[in-house]
Structures are given as C-alpha cells and as structure tokens.
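Single-structure report; data block below.
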Amino acid sequence: MRTGTGATRETVSQAWSPVLAAAGVEGQELGRQVLALAHQVAAHSLASPLTDPGREPEDKVALARRLFEGAVDGRVVDLLSAMVRGRWSKPVDLISALHDLGIEAILAGAHADGTVGEIEQQLFEVHERIANDRELREALAPSRRTRTEARVRLAEAVFAAHISAPAMSLLRWCVRHRSEGGPLRNLRRVVELAAEMRQRIIADVVTAIPMTTAQEKRLRTILELRLGNRIDLNCEVDPEVIGGARIMIRNHVLDHTVRGAVAELRTRLAG
C-alpha cells in the first residue's frame with residue numbers, strides 16, 4: 001500500500017480535478033490563489049506544522065482553516081484541508097504539490113475559455129526574451145544579492161504590459177520558485193504543461209542552417225506519426241552541429257548530427 005507524498009498527491013489530485021472541471025474559467029483565479037497560498041506557506045515556514053505527522057489530521061485542518069479561511073476562496077481552503085489530512089514524506093513536498101495544483105488550475109481555467117494557447121505562446125516568447133538577454137537573465141536569476149520580490153517586480157515591469165494576467169501569475173511563480181535552471185527552466189515547464197493540455201508536444205530542433213518550410217512540415221509529420229501527438233517545433237540554428245539535426249523532446253535527445261556522430265565515434269575509440 002502506498003503511503004507518504006505520492007499517495008497523498010494522487011488522492012488530492014483526483015479530488016481537485018472535478019473541482020476544476022466545475023469551476024471552468026474560474027480555475028484561473030483559483031490557481032492564482034493557490035500559488036499565492038503556497039508562497040505564504042513557504043515564506044512563513046508553515047509547511048512543517050501543517051504536515052507534522054505527530055499532530056492529529058483534524059488539528060492540522062483546524063490550523064489551515066484558521067490561517068486562510070476568509071482570505072482565499074473556500075475551494076482553496078478545502079484543497080489545503082484535504083492536503084494536510086494526508087501524509088507527506090517531507091514538509092517541502094506540500095509546497096511543491098501546491099505549486100503543481102496552482103499551475104494546473106490556471107491552465108485548466110485558460111483551457112476552459114480557449115486562451116491556453118495564448119498563454120503558452122506568451123510564456124514561450126518571455127522565455128526566448130530572457131534566454132537572449134544576458135543582463136535580464138542574470139537579473140532574474142536567484143541570487144543572494146537580490147531579494148525575491150525585487151526580481152518579481154522587475155519581471156512585472158518588463159512583461160506585465162505585454163502578457164495576460166494569468167500568464168503574469170505564472171511568470172511570477174517562475175521567478176519566485178527556486179529550482180535548478182531558475183526562471184528559464186520553470187518557464188519551459190509551464191509551456192510544456194500548457195502544450196500537453198492542448199494535446200501537443202514541443203520538440204526542440206537544432207540544425208546547422210535554417211530548415212525550409214517543407215523540411216519543417218516533413219519533420220513534424222514524422223514525429224507526429226511516431227509519437228501519436230500533435231507537434232510544435234521550436235527551431236534553432238547552431239553552426240557547430242555541422243550537419244543533420246538534434247531533436248530534443250522533453251528529456252529525450254535524438255542526435256542525428258555530424259558532430260554527434262563524431263563524438264560517438266570518439267567515445268567508442270576511447271573505450
């Protein structure tokens with residue numbers, strides 16, 4: 001029998017899904033509140049008392065309700081109550097689960113009103129802007145020299161006027177949330193989740209020279225036949241690949257470049 005974080009996340013997710021389905025477009029606001037609640041839990045070190053295995057489940061529920069009832073939507077309080085009734089392997093797992101459920105809610109609400117594709121595109125463009133602007137990338141990256149909220153305010157100043165409110169809520173999370181790869185990795189994760197909600201997969205394609213429209217169409221067709229999903233191509237040019245194409249889908253890399261073949265040959269000779 002499964003116990004701990006995995007089992008609790010599964011149980012809570014199953015209960016949260018019909019709430020989101022019934023909420024429709026309101027899911028965007030619920031998700032914003034869930035992410036804000038997760039920030040409060042983390043900022044005020046509430047995860048430990050809310051997940052303490054030595055406390056009775058209803059004591060933890062009473063604490064959660066005392067802290068947040070009236071401050072957020074009742075459905076969000078009910079979500080947190082269901083979460084603290086469960087068992088968590090580590091207190092930080094509660095915060096991580098709140099993040100995932102908040103992101104899911106915003107994207108589900110956007111899917112309900114037909115704007116999830118717009119959010120995906122906006123955050124993809126934000127990702128590209130940050131990736132190509134070294135000064136901005138370094139300013140938004142987690143650092144002991146800058147406060148998290150200062151980095152959030154910078155992101156708002158640069159992007160808020162150009163993207164939707166739900167997209168901005170997700171960008172705030174991407175800047176606040178510390179993870180390996182920083183805001184860029186977080187943005188990529190959200191973009192991939194948005195694509196999955198539209199039953200699409202993002203494939204990063206790196207070639208030595210730009211592909212023609214016909215080549216892109218042919219590659220997209222091949223990948224869609226192999227994977228059984230609609231494919232969105234993110235094409236980049238890198239002369240160092242020499243020839244062929246390097247394709248990355250999620251964490252899988254298909255390297256059909258001359259450079260990749262040479263590297264493989266060197267590895268085999270060295271072995």
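Residue-wise test of (1) modelled with pLDDT of 95 or more; (2) within 17 Å of H177 (Cα to Cα); (3) out of contact with any strand residue (DSSP E or B) (no Cβ under 7 Å at 6 or more places or on another chain).
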site: V25; (1), (2), (3): yes, no, yes
site: L37; (1), (2), (3): yes, yes, no
site: D52; (1), (2), (3): yes, no, yes
site: L63; (1), (2), (3): yes, no, yes
site: V76; (1), (2), (3): yes, no, yes
site: V116; (1), (2), (3): no, no, yes
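A quick yes/no check of all residues on (1) open to solvent by 20 Å² or more (accessible area, probe 1.4 Å); (2) out of contact with any Ser or Thr (no Cβ under 7 Å at 6 or more places or on another chain); (3) within 19 Å of T8 (Cβ to Cβ):
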{"residue": "A42", "(1), (2), (3)": "yes, yes, yes"}
{"residue": "L46", "(1), (2), (3)": "yes, yes, yes"}
{"residue": "K60", "(1), (2), (3)": "no, yes, yes"}
{"residue": "L63", "(1), (2), (3)": "yes, yes, yes"}
{"residue": "R66", "(1), (2), (3)": "yes, yes, no"}
{"residue": "A71", "(1), (2), (3)": "yes, yes, no"}
{"residue": "V76", "(1), (2), (3)": "no, yes, yes"}
{"residue": "L79", "(1), (2), (3)": "no, yes, yes"}
{"residue": "A82", "(1), (2), (3)": "yes, yes, yes"}
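Tally the residues that are hydrophobic (A, V, I, L, M, F, W, C) and either over 27 Å from F159 (Cα atoms) or in contact (Cβ under 8 Å) with a residue 60 or more places away in the chain (or both), restricting the search to the range 173-205.
Of the residues in the range 173-205, 8 are hydrophobic (A, V, I, L, M, F, W, C) and either over 27 Å from F159 (Cα atoms) or in contact (Cβ under 8 Å) with a residue 60 or more places away in the chain (or both).
Can you find even one residue in the range 9-32 that is in contact with a Phe, Trp or Tyr (Cβ under 7 Å, 6 or more places away or on another chain), assigned to a helix (DSSP H, G or I) and either touching a residue at least 12 places away in the same chain (Cβ under 8 Å) or at positive phi (or both)?
No, that holds for no residue.
Condition first: buried (at least 18 other Cβ atoms within 10 Å of the Cβ) and farther than 20 Å from A194 by Cβ. Now tell me which residues in the range 1-18 satisfy that. Break it down into steps so the answer makes sense when it comes.
So in the range 1-18, the residues buried (at least 18 other Cβ atoms within 10 Å of the Cβ) come out as 5, 8-9, 12, 16.
Within the range 1-18, T5, T8, R9, V12 qualify.
From the list E196, E216, pick out the single residue that is at pLDDT 80 or above, under 16 Å from the mean Cα position of the chain (by Cα), in a helix (DSSP H, G or I) and over 30 Å from E135 (Cβ atoms).
E196
From the residues in the range 219-243 that are out of contact with any Lys or Arg (no Cβ under 8 Å at 6 or more places or on another chain) and part of a strand (DSSP E or B), which one is least open to solvent (accessible area, probe 1.4 Å)?
Residue satisfying both the conditions and the ranking: N234.
Does the range 55-78 contain at least one residue that is part of a loop (DSSP other than H, G, I, E, B) and aliphatic (A, V, I, L, M)?
Yes; the residues of the range 55-78 include at least one that is part of a loop (DSSP other than H, G, I, E, B) and aliphatic (A, V, I, L, M).
Pairs only if they're at least six apart or on different chains, beta carbon under 6 angstrom, first in the range 71-99 and among the polar types (S, T, N, Q), second open to solvent by less than 80 Å² (accessible area, probe 1.4 Å); list them, first residue then second.
S81/V61; S81/A64; S89/G4; S89/T5
Which helices (runs of 4 or more DSSP H) sit wholly inside the range 85-189 and have at least 1 residues that are open to solvent by less than 10 Å² (accessible area, probe 1.4 Å) and either basic (K, R) or touching a Phe, Trp or Tyr at 6+ places or on another chain (Cβ under 8 Å) (or both)?
On the way: elements: 91-112, 116-132, 134-140, 148-159, 165-176.
Correct list: 91-112, 116-132, 148-159, 165-176.
Residues in the range 199-212: is at least one modelled with pLDDT of 80 or more, in a helix (DSSP H, G or I) and out of contact with any Ser or Thr (no Cβ under 9 Å at 6 or more places or on another chain)?
no
The values are calculated or read from the model by the stated rules, or taken from the named source; none is laboratory data. Predicted model only: the values in this text are computed from it and were never measured. Cβ atoms come from the backbone with ideal geometry, glycine included; neighbour counts cover every protein chain shown. What goes into the accessible areas is simple: the full protein's heavy atoms, side chains included, and nothing from ligands, DNA or RNA. Shrake-Rupley method; radii C 1.70, N 1.55, O 1.52, S 1.80 Å.
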